[in-house]
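In what follows, a structure is listed as structure tokens, so that the remarks can point back to it.
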Amino acid sequence: EIRRLVPRGAPTDPAEVALEAWRQRAARAAAIDPAALCSDRQLREIAATKPRTVAELVAATGLGTITAAALIDGIVDALDDVERV
């Protein structure tokens, strides 16, 4: 049964897995907690909606425009990596 193999709360959606890896790398590079970039809920919303613009990211997550502008390139890159696979 898959529930036994995947730790509770671990993402299984390929987009969510890629975004989690991006968030970990970005947080490490900025020396901040990953949740400071975006929450788990916001990460799931990003994976579900796959925003391509700052406006779409703001609408999906409620992030501010400045924060969304700072994050959008990394998010789009992570989502593009999933689409290439």
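Just so it is clear, none of the values below were taken in a lab; they were calculated from the coordinates. It should be emphasised that the depicted structure is a prediction, and the values quoted were computed from it without experimental measurement. So basically every Cβ, Gly included, is an ideal-geometry build from the backbone, and we count neighbours across all protein chains shown.
Between Ala21 and Ala59, the modelled labels are 2.9 nm apart [label points 7 Å from Cα along Cα→Cβ].
Suppose every Lys and Arg Cβ carries +1 and every Asp and Glu Cβ carries -1, with no other charges. What dipole size does the chain come out with about its Cα centre, to the nearest 20 debye?
Dipole about the Cα centre, nearest 20: 260 debye.
Net length available on complete extension from Asp81 to Arg28 is 17.1 nm, with 0.36 nm assigned per residue and the Cα-Cα distance removed.
Under 15 Å from the Cβ of Leu79, count the other residues' Cβ atoms, weight Lys and Arg +1, Asp and Glu -1, and hand me the total.
With Lys, Arg at +1 and Asp, Glu at -1, the net is -4.
For the chain, hydrophobic long helices are taken as DSSP H runs at least 15 Å long by C-alpha position along their axis with mean Kyte-Doolittle hydropathy of 0.5 or more; these are 65-84. Computing semi-axes √(5λ) of the Cα gyration tensor in Å directly from the structure and comparing it against [x] 19, 14, 12; [y] 21, 15, 12; [z] 33, 24, 12 singles out [y]. Computed from label points 7 Å out along Cα-Cβ, the spacing between Asp13 and Arg52 is 1.8 nm.
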